[in-house]
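Q: Quick one: the structure is below, questions incoming.
The values are calculated or read from the model by the stated rules, or taken from the named source; none is laboratory data. As the structure is a prediction and not an experimental result, all values here were calculated from the model. For neighbour counting, all protein chains shown are included, and Cβ atoms are generated from backbone atoms with ideal geometry for every residue, glycine included.
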Amino acid sequence: MKARLLWCSLVALVVAVPAGAQPPPTTAAHRDPDAPCYRWPAVDMDGDGVFDRIDHCVSTPVGCTVDKWGCESDADKDGVCDGRDNCLNTPMGSKVDANGCSEEQLGAMKAAAVVPQAVTPTPPPPPPPAPEPALGEKGQELARTGRIRLDNVYFDNGAATLAPESESTLDKVGQALEQYPDLKVEIEGHTDTRGSAPYNMKLSQQRAEAVRQYLLTHFHLQADHVTARGYGETDPETKERNDKELQQNRRVMLHALNPEVLPNGVKVQNKK
């Protein structure tokens, strides 16, 4: 202990501050606790945190990481010291910039820094339209022409009573009309020219009414959308030269009163 104090005294005499000069710093930040004398001035010219007393590399660039001897380290050997090297894993031999990054590394950093553009999600496609109901043969004929001839609709001779074999045709017609709830139709009754005109007019009206009643009874139709009218023998299709032509004139027809509601928008010549 006495030897240490003696040594410190001698050192103090050697480094004695000349008259008028500033004394060595005494604050903790400027004192070297490991120096032979605790009051030894602490000097670190390159600011690397290693006192010049033991710094083997006194010109270390600012910011470099150093070892205990004050010498900078360079883990990837690219010539840029650790602490200032922004790319610590540069492949050996790569050409780097002042920050220790190669062109490949700079490109990768730029790509990683690109903020992906917000992608507006594609809206889901609209649901497919509901399939059109099956119209059947009579429904297709009605949509195409606005008129239906009710073939195979039979009545008792000289009467307006529907024969049972008529139901198949009338059921097809009823199903077709249900597909067009806004459609208004007229059921036409026609006769041949046998018998008096007044009688035929009355009979054709009764037969048209019988068909209308069957349709309203068996299908979901609005009564005011289905009317019946007898035309008697006033609108023949043939000259009645034989039985076949007579039968052709005895018929029941159906035609649309507002054909614009049909899919094809057909035009129908209404009877006066």
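Q: Working only within the stretch 166-211, note down all residues that are of a type in the set (A, V, I, L, M) and touching a helix residue (DSSP H, G or I) at 6+ places or on another chain (Cβ under 8 Å).
A: The initial filter retains those residues of the stretch 166-211 that are of a type in the set (A, V, I, L, M), namely 170, 173, 176-177, 183, 185, 187, 197, 201, 203, 208, 210-211.
Scanning the stretch 166-211 gives Leu170, Val173, Ala176, Leu177, Leu183, Val185, Ile187, Val211.
Q: Among the residues of the stretch 168-197, what is the count of those that are acidic (Asp, Glu) and either surrounded by fewer than 15 Cβ atoms within 10 Å (Cβ to Cβ) or under 50 Å from the mean Cα position of the chain (by Cα) (or both)?
A: Step one: list which residues in the stretch 168-197 are acidic (Asp, Glu), which gives 171, 178, 182, 186, 188, 192.
Keeping just the survivors that are either surrounded by fewer than 15 Cβ atoms within 10 Å (Cβ to Cβ) or under 50 Å from the mean Cα position of the chain (by Cα) (or both) gives 171, 178, 182, 186.
Going through the stretch 168-197 one residue at a time, the tally reaches 4.
Q: Are there any pairs, at least 6 apart or on different chains, whose C-beta atoms fall under 6 Å, with the first in the stretch 227-241 and free of Cβ contacts under 8 Å to residues at least 12 places away in the same chain and the second among the acidic types (Asp, Glu), and if so, which?
A: Thr238/Glu245
Q: Just checking, which of Lys184, Lys271 is modelled with pLDDT under 95 and either basic (Lys, Arg) or closer than 20 Å to Gly139 by Cα (or both)?
A: Numbers: Lys184 fails: modelled with pLDDT under 95.
The unique qualifying residue is Lys271.
Q: Sticking with this structure for a sec: If a residue has to be at pLDDT 80 or above and surrounded by 14 or more Cβ atoms within 10 Å (Cβ to Cβ) to count, how many in the stretch 85-96 make the cut?
A: Within the stretch 85-96, residues that are at pLDDT 80 or above and surrounded by 14 or more Cβ atoms within 10 Å (Cβ to Cβ) number 5.
Q: Return a yes/no flag: does the stretch 163-179 have any residue that is free of Cβ contacts under 8 Å to residues at least 12 places away in the same chain and assigned to a loop (DSSP other than H, G, I, E, B).
A: yes
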